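J.: Quick one: this structure, given as C-alpha coordinates, is what I'll be asking you about.
The values are calculated or read from the model by the stated rules, or taken from the named source; none is laboratory data. What you see is a predicted model; the values in this text were computed from it and never measured. We place every Cβ from the backbone using ideal geometry, glycine too, and count neighbours over all the protein chains shown. Ligands, DNA and RNA are stripped out before the accessible areas are found, and what is left, the full protein with its side chains, is counted by its heavy atoms. Shrake-Rupley method; radii C 1.70, N 1.55, O 1.52, S 1.80 Å.
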Amino acid sequence: MNSSTSFHVPEGLDVLKLPKHVAIIMDGNGRWAEKRLMNRIRGHEAGAETVRAIVRTCREIGIPILTLYAFSTENWQRSKIEVATLMMLLKKFIDSEENEMIENNIRLNAIGQLEKLPEDVRISLKRTMDLTGKNKGMLLNLALSYGGRAEIANMVKIIAEKARDGKIDPVLITENFISDHLYTAGMPDPDLLIRTSGEIRISNFLLWQIAYTEIFITDTLWPDFGKDEFIKILVDFQRRERRFGNVGR
Ligand code: IPE
Ligand code: IPE
Ligand code: MG
(Lines give C-alpha, C1' and ligand atoms only; values in the text may rest on other atoms or scores of the structure.)
(Ligands and ions follow the chains in the order given, each with its own letter.)
Protein backbone atom coordinates (compact mmCIF):
# COMPACT_ATOMS: atom_id res chain seq x y z
CA MET A 1 0.00 0.00 0.00
CA ASN A 2 2.81 2.40 -0.80
CA SER A 3 1.60 5.73 -2.11
CA SER A 4 4.65 6.10 -4.34
CA THR A 5 3.79 2.98 -6.37
CA SER A 6 2.76 4.01 -9.86
CA PHE A 7 -0.67 2.94 -10.96
CA HIS A 8 -2.06 2.56 -14.47
CA VAL A 9 -5.74 3.09 -15.01
CA PRO A 10 -7.15 -0.30 -16.04
CA GLU A 11 -8.44 -0.57 -19.59
CA GLY A 12 -12.14 0.07 -19.96
CA LEU A 13 -12.47 1.90 -16.67
CA ASP A 14 -13.66 5.50 -16.73
CA VAL A 15 -12.08 7.20 -13.72
CA LEU A 16 -14.57 10.05 -14.01
CA LYS A 17 -17.51 7.69 -13.47
CA LEU A 18 -16.35 5.71 -10.48
CA PRO A 19 -18.80 4.74 -7.75
CA LYS A 20 -18.44 7.06 -4.76
CA HIS A 21 -19.25 4.28 -2.34
CA VAL A 22 -18.69 0.54 -2.81
CA ALA A 23 -20.03 -1.94 -0.25
CA ILE A 24 -18.93 -5.58 -0.16
CA ILE A 25 -20.39 -8.67 1.53
CA MET A 26 -17.19 -10.66 1.90
CA ASP A 27 -18.57 -14.18 1.90
CA GLY A 28 -17.17 -17.66 1.25
CA ASN A 29 -14.12 -17.94 3.51
CA GLY A 30 -15.41 -21.12 5.16
CA ARG A 31 -16.21 -22.85 1.85
CA TRP A 32 -12.82 -21.85 0.45
CA ALA A 33 -11.13 -23.68 3.35
CA GLU A 34 -13.51 -26.66 3.33
CA LYS A 35 -12.82 -27.20 -0.38
CA ARG A 36 -9.14 -27.55 0.54
CA LEU A 37 -9.95 -29.83 3.51
CA MET A 38 -8.70 -27.11 5.81
CA ASN A 39 -10.18 -25.59 8.92
CA ARG A 40 -12.57 -22.67 8.27
CA ILE A 41 -10.17 -20.46 10.19
CA ARG A 42 -7.62 -20.80 7.37
CA GLY A 43 -10.26 -19.37 5.06
CA HIS A 44 -10.62 -16.31 7.27
CA GLU A 45 -6.83 -15.85 7.24
CA ALA A 46 -6.80 -16.04 3.46
CA GLY A 47 -9.77 -13.66 3.35
CA ALA A 48 -7.81 -11.04 5.29
CA GLU A 49 -5.28 -10.97 2.42
CA THR A 50 -8.08 -10.22 -0.03
CA VAL A 51 -9.19 -7.34 2.18
CA ARG A 52 -5.70 -5.82 1.92
CA ALA A 53 -5.67 -6.18 -1.87
CA ILE A 54 -9.12 -4.64 -2.36
CA VAL A 55 -8.45 -1.72 0.00
CA ARG A 56 -5.25 -1.02 -1.93
CA THR A 57 -7.05 -1.19 -5.27
CA CYS A 58 -9.77 1.22 -4.12
CA ARG A 59 -7.17 3.68 -2.92
CA GLU A 60 -5.18 3.44 -6.15
CA ILE A 61 -8.18 3.89 -8.40
CA GLY A 62 -9.68 6.62 -6.23
CA ILE A 63 -12.90 5.16 -4.81
CA PRO A 64 -13.77 7.50 -1.93
CA ILE A 65 -15.66 5.08 0.36
CA LEU A 66 -15.36 1.32 0.80
CA THR A 67 -17.66 -0.42 3.29
CA LEU A 68 -16.77 -4.02 4.14
CA TYR A 69 -19.15 -6.39 5.90
CA ALA A 70 -16.74 -8.20 8.17
CA PHE A 71 -18.96 -9.51 10.98
CA SER A 72 -22.74 -9.49 11.32
CA THR A 73 -24.94 -9.39 14.42
CA GLU A 74 -25.92 -12.95 13.44
CA ASN A 75 -22.30 -14.14 13.22
CA TRP A 76 -22.11 -14.13 17.04
CA GLN A 77 -24.02 -17.45 16.85
CA ARG A 78 -21.00 -19.23 15.38
CA SER A 79 -18.77 -21.42 17.54
CA LYS A 80 -16.77 -19.72 20.27
CA ILE A 81 -13.53 -20.65 18.59
CA GLU A 82 -14.56 -19.25 15.20
CA VAL A 83 -15.78 -15.98 16.76
CA ALA A 84 -12.60 -15.64 18.83
CA THR A 85 -10.43 -16.26 15.77
CA LEU A 86 -12.35 -13.72 13.70
CA MET A 87 -11.88 -11.15 16.48
CA MET A 88 -8.18 -11.97 16.72
CA LEU A 89 -7.77 -11.61 12.94
CA LEU A 90 -9.69 -8.35 13.01
CA LYS A 91 -7.37 -6.88 15.63
CA LYS A 92 -4.35 -8.17 13.72
CA PHE A 93 -5.63 -6.54 10.53
CA ILE A 94 -6.22 -3.17 12.20
CA ASP A 95 -2.82 -3.18 13.95
CA SER A 96 -0.88 -4.31 10.89
CA GLU A 97 -2.57 -1.84 8.53
CA GLU A 98 -2.38 1.18 10.81
CA ASN A 99 0.85 2.56 9.34
CA GLU A 100 -0.27 1.94 5.78
CA MET A 101 -3.50 3.79 6.45
CA ILE A 102 -1.61 6.74 7.93
CA GLU A 103 0.85 6.81 5.00
CA ASN A 104 -1.87 6.50 2.42
CA ASN A 105 -4.28 9.06 3.84
CA ILE A 106 -6.96 6.45 4.60
CA ARG A 107 -9.48 7.12 7.37
CA LEU A 108 -10.69 4.08 9.28
CA ASN A 109 -14.24 4.03 10.58
CA ALA A 110 -16.40 1.26 12.04
CA ILE A 111 -20.17 0.80 12.00
CA GLY A 112 -22.21 -1.63 14.08
CA GLN A 113 -22.75 -2.57 17.70
CA LEU A 114 -19.14 -1.83 18.55
CA GLU A 115 -19.78 -2.09 22.28
CA LYS A 116 -20.21 -5.86 21.77
CA LEU A 117 -16.65 -6.30 20.44
CA PRO A 118 -13.95 -7.63 22.79
CA GLU A 119 -12.09 -4.90 24.64
CA ASP A 120 -8.74 -5.42 22.89
CA VAL A 121 -10.43 -5.03 19.49
CA ARG A 122 -12.22 -1.86 20.66
CA ILE A 123 -8.94 -0.39 21.90
CA SER A 124 -7.17 -1.09 18.59
CA LEU A 125 -10.09 0.27 16.61
CA LYS A 126 -10.31 3.47 18.61
CA ARG A 127 -6.57 4.01 18.39
CA THR A 128 -6.46 3.64 14.60
CA MET A 129 -9.68 5.60 14.12
CA ASP A 130 -8.20 8.46 16.18
CA LEU A 131 -4.85 8.33 14.38
CA THR A 132 -6.45 8.35 10.94
CA GLY A 133 -9.43 10.56 11.83
CA LYS A 134 -8.27 13.56 9.80
CA ASN A 135 -7.28 11.62 6.68
CA LYS A 136 -9.18 12.66 3.60
CA GLY A 137 -7.91 10.28 0.91
CA MET A 138 -10.32 7.41 1.33
CA LEU A 139 -12.76 6.15 3.94
CA LEU A 140 -12.51 2.51 4.94
CA ASN A 141 -15.67 1.62 6.77
CA LEU A 142 -15.70 -1.73 8.56
CA ALA A 143 -19.11 -3.19 9.42
CA LEU A 144 -18.47 -5.04 12.68
CA SER A 145 -21.15 -6.70 14.75
CA TYR A 146 -23.32 -4.93 12.20
CA GLY A 147 -26.97 -5.61 11.47
CA GLY A 148 -29.22 -3.46 9.29
CA ARG A 149 -32.24 -4.04 11.51
CA ALA A 150 -30.27 -3.22 14.67
CA GLU A 151 -29.11 -0.02 12.97
CA ILE A 152 -32.69 0.94 12.11
CA ALA A 153 -33.93 0.10 15.64
CA ASN A 154 -31.11 2.26 17.06
CA MET A 155 -32.07 5.15 14.76
CA VAL A 156 -35.73 4.93 15.83
CA LYS A 157 -34.70 4.94 19.48
CA ILE A 158 -32.53 8.06 19.09
CA ILE A 159 -35.23 9.93 17.18
CA ALA A 160 -37.96 8.85 19.65
CA GLU A 161 -35.86 10.12 22.56
CA LYS A 162 -35.38 13.48 20.83
CA ALA A 163 -39.12 13.72 20.23
CA ARG A 164 -39.91 12.73 23.82
CA ASP A 165 -37.55 15.41 25.12
CA GLY A 166 -39.19 18.01 22.91
CA LYS A 167 -36.01 18.52 20.87
CA ILE A 168 -37.63 17.78 17.52
CA ASP A 169 -41.02 18.08 15.93
CA PRO A 170 -42.11 14.85 14.13
CA VAL A 171 -42.65 16.87 10.92
CA LEU A 172 -38.84 17.02 10.76
CA ILE A 173 -38.62 13.25 10.27
CA THR A 174 -37.81 13.11 6.56
CA GLU A 175 -35.80 10.49 4.67
CA ASN A 176 -32.67 12.64 5.00
CA PHE A 177 -33.27 13.04 8.71
CA ILE A 178 -33.44 9.26 9.08
CA SER A 179 -30.23 8.81 7.05
CA ASP A 180 -28.53 11.31 9.37
CA HIS A 181 -29.34 9.11 12.36
CA LEU A 182 -27.92 5.88 10.98
CA TYR A 183 -24.35 4.67 11.57
CA THR A 184 -23.56 5.86 8.04
CA ALA A 185 -24.63 9.47 8.73
CA GLY A 186 -22.90 11.85 6.35
CA MET A 187 -21.96 9.16 3.81
CA PRO A 188 -23.59 8.82 0.42
CA ASP A 189 -25.52 5.56 -0.05
CA PRO A 190 -23.53 2.80 -1.77
CA ASP A 191 -23.64 2.98 -5.57
CA LEU A 192 -22.47 -0.61 -5.88
CA LEU A 193 -22.92 -3.65 -3.65
CA ILE A 194 -20.82 -6.75 -4.35
CA ARG A 195 -21.41 -10.13 -2.76
CA THR A 196 -18.94 -12.96 -3.22
CA SER A 197 -19.59 -16.72 -3.09
CA GLY A 198 -22.85 -16.75 -5.02
CA GLU A 199 -25.47 -16.32 -2.31
CA ILE A 200 -28.34 -14.20 -3.60
CA ARG A 201 -29.31 -12.45 -0.41
CA ILE A 202 -28.59 -9.32 1.62
CA SER A 203 -28.03 -10.98 5.03
CA ASN A 204 -29.07 -7.90 7.00
CA PHE A 205 -26.57 -5.52 5.38
CA LEU A 206 -27.28 -1.78 4.94
CA LEU A 207 -31.04 -2.32 4.56
CA TRP A 208 -31.98 1.36 4.37
CA GLN A 209 -28.97 2.51 2.38
CA ILE A 210 -29.21 0.08 -0.55
CA ALA A 211 -32.61 1.28 -1.82
CA TYR A 212 -31.11 2.15 -5.24
CA THR A 213 -27.75 0.42 -5.09
CA GLU A 214 -26.60 -1.62 -8.08
CA ILE A 215 -26.06 -5.22 -6.95
CA PHE A 216 -23.42 -7.54 -8.30
CA ILE A 217 -23.10 -11.16 -7.17
CA THR A 218 -20.11 -13.27 -8.11
CA ASP A 219 -19.60 -17.00 -7.47
CA THR A 220 -15.96 -16.40 -6.58
CA LEU A 221 -15.22 -17.18 -2.93
CA TRP A 222 -13.84 -14.17 -1.03
CA PRO A 223 -10.25 -15.49 -0.64
CA ASP A 224 -10.12 -16.02 -4.43
CA PHE A 225 -11.51 -12.56 -5.19
CA GLY A 226 -8.97 -10.04 -6.44
CA LYS A 227 -8.17 -6.83 -8.19
CA ASP A 228 -8.85 -8.06 -11.75
CA GLU A 229 -12.35 -9.28 -10.98
CA PHE A 230 -13.06 -6.16 -8.94
CA ILE A 231 -12.13 -3.99 -11.91
CA LYS A 232 -14.31 -6.06 -14.24
CA ILE A 233 -17.24 -5.46 -11.88
CA LEU A 234 -16.51 -1.72 -11.85
CA VAL A 235 -16.49 -1.68 -15.65
CA ASP A 236 -19.80 -3.59 -15.69
CA PHE A 237 -21.23 -1.11 -13.16
CA GLN A 238 -20.28 1.79 -15.44
CA ARG A 239 -22.23 0.20 -18.30
CA ARG A 240 -25.43 -0.08 -16.29
CA GLU A 241 -28.15 2.49 -16.68
CA ARG A 242 -29.35 3.70 -13.31
CA ARG A 243 -32.89 4.97 -13.71
CA PHE A 244 -33.98 5.65 -10.12
CA GLY A 245 -37.59 5.05 -11.09
CA ASN A 246 -37.48 7.45 -14.02
CA VAL A 247 -37.61 6.42 -17.70
CA GLY A 248 -34.50 5.45 -19.65
CA ARG A 249 -32.29 7.75 -21.71
C1 IPE B 1 -17.46 -14.75 5.38
O2 IPE B 1 -17.19 -16.09 5.16
C3 IPE B 1 -16.86 -14.24 6.67
C4 IPE B 1 -17.84 -14.01 7.73
C5 IPE B 1 -19.12 -14.14 7.63
C6 IPE B 1 -17.31 -13.60 9.02
P7 IPE B 1 -18.03 -17.25 5.81
O8 IPE B 1 -17.37 -17.65 7.08
O9 IPE B 1 -19.46 -16.90 5.93
O10 IPE B 1 -17.84 -18.39 4.73
P11 IPE B 1 -18.91 -19.45 4.22
O12 IPE B 1 -20.12 -18.69 3.80
O13 IPE B 1 -19.18 -20.36 5.37
O14 IPE B 1 -18.23 -20.13 3.08
C1 IPE C 1 -22.78 -12.25 5.68
O2 IPE C 1 -22.30 -13.54 5.48
C3 IPE C 1 -22.01 -11.57 6.77
C4 IPE C 1 -20.62 -11.24 6.43
C5 IPE C 1 -20.05 -11.41 5.29
C6 IPE C 1 -19.87 -10.64 7.49
P7 IPE C 1 -22.94 -14.80 6.21
O8 IPE C 1 -22.16 -15.97 5.76
O9 IPE C 1 -23.01 -14.56 7.66
O10 IPE C 1 -24.41 -14.79 5.62
P11 IPE C 1 -25.46 -15.98 5.45
O12 IPE C 1 -25.52 -16.71 6.76
O13 IPE C 1 -24.97 -16.85 4.35
O14 IPE C 1 -26.74 -15.29 5.08
MG1 MG D 1 -21.03 -17.14 4.70
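J.: Out of Gly47, Gly30, Gly112, I need the residue that is in contact with a helix residue (DSSP H, G or I) (Cβ under 9 Å, 6 or more places away or on another chain), under 16 Å from Gly226 (Cα atoms) and within 13 Å of ligand 2 (Cβ to nearest atom). Which one?
T.: Gly47
J.: Determine whether segment 36-46 contains at least one residue that is open to solvent by 60 Å² or more (accessible area, probe 1.4 Å), farther than 21 Å from Arg107 by Cβ, more than 16 Å from ligand 1 (Cβ to nearest atom) and without any contact (Cβ under 8 Å) to a residue 40 or more places away in the chain.
T.: no
J.: While we're looking at this one, here's another question. Tell me, please, whether a residue that is touching a Gly at 6+ places or on another chain (Cβ under 9 Å), open to solvent by less than 30 Å² (accessible area, probe 1.4 Å) and among the aliphatic types (A, V, I, L, M) can be found in segment 54-66.
T.: yes
J.: Go through segment 17-35 and give me each residue that's more than 7 Å from ligand 1 (Cβ to nearest atom), closer than 21 Å to Val55 by Cα and not aliphatic (A, V, I, L, M).
T.: Of everything in segment 17-35, those that are more than 7 Å from ligand 1 (Cβ to nearest atom), closer than 21 Å to Val55 by Cα and not aliphatic (A, V, I, L, M) turn out to be Lys17, Pro19, Lys20, His21.
J.: Scan (1) within 16 Å of ligand 3 (Cβ to nearest atom); (2) open to solvent by less than 80 Å² (accessible area, probe 1.4 Å); (3) not aliphatic (A, V, I, L, M) for the single condition Phe7 breaks and write down its number.
T.: Phe7 satisfies every listed condition except (1).
J.: Across segment 193-217, which residue is nearest to His181 (Cα to Cα) among those that are among the aromatic types (Phe, Trp, Tyr) and surrounded by 17 or more Cβ atoms within 10 Å (Cβ to Cβ)?
T.: Ranking the candidates gives Phe205 first.
J.: Mind listing just one residue for me: the one in segment 168-192 that is within 13 Å of the chain's Cα centre (by Cα) and of a type in the set (A, V, I, L, M) and, of those, most open to solvent (accessible area, probe 1.4 Å)?
T.: Filtering segment 168-192 for residues that are within 13 Å of the chain's Cα centre (by Cα) and of a type in the set (A, V, I, L, M), the one most open to solvent (accessible area, probe 1.4 Å) comes out as Met187.
J.: Given Ala110, Ala84, which one is modelled with pLDDT of 95 or more, more than 11 Å from ligand 1 (Cβ to nearest atom), more than 25 Å from Pro190 (Cα to Cα) and among the hydrophobic types (A, V, I, L, M, F, W, C)?
T.: Ala84
J.: With the structure loaded, tell me whether Glu199 is within 16 Å of ligand 1 (Cβ to nearest atom) and at pLDDT 95 or above or whether it fails that test.
T.: yes
J.: Of all residues in segment 68-103 being within 16 Å of ligand 3 (Cβ to nearest atom) and of a type in the set (Asp, Glu), which is most open to solvent (accessible area, probe 1.4 Å)?
T.: Here the residue is Glu74.
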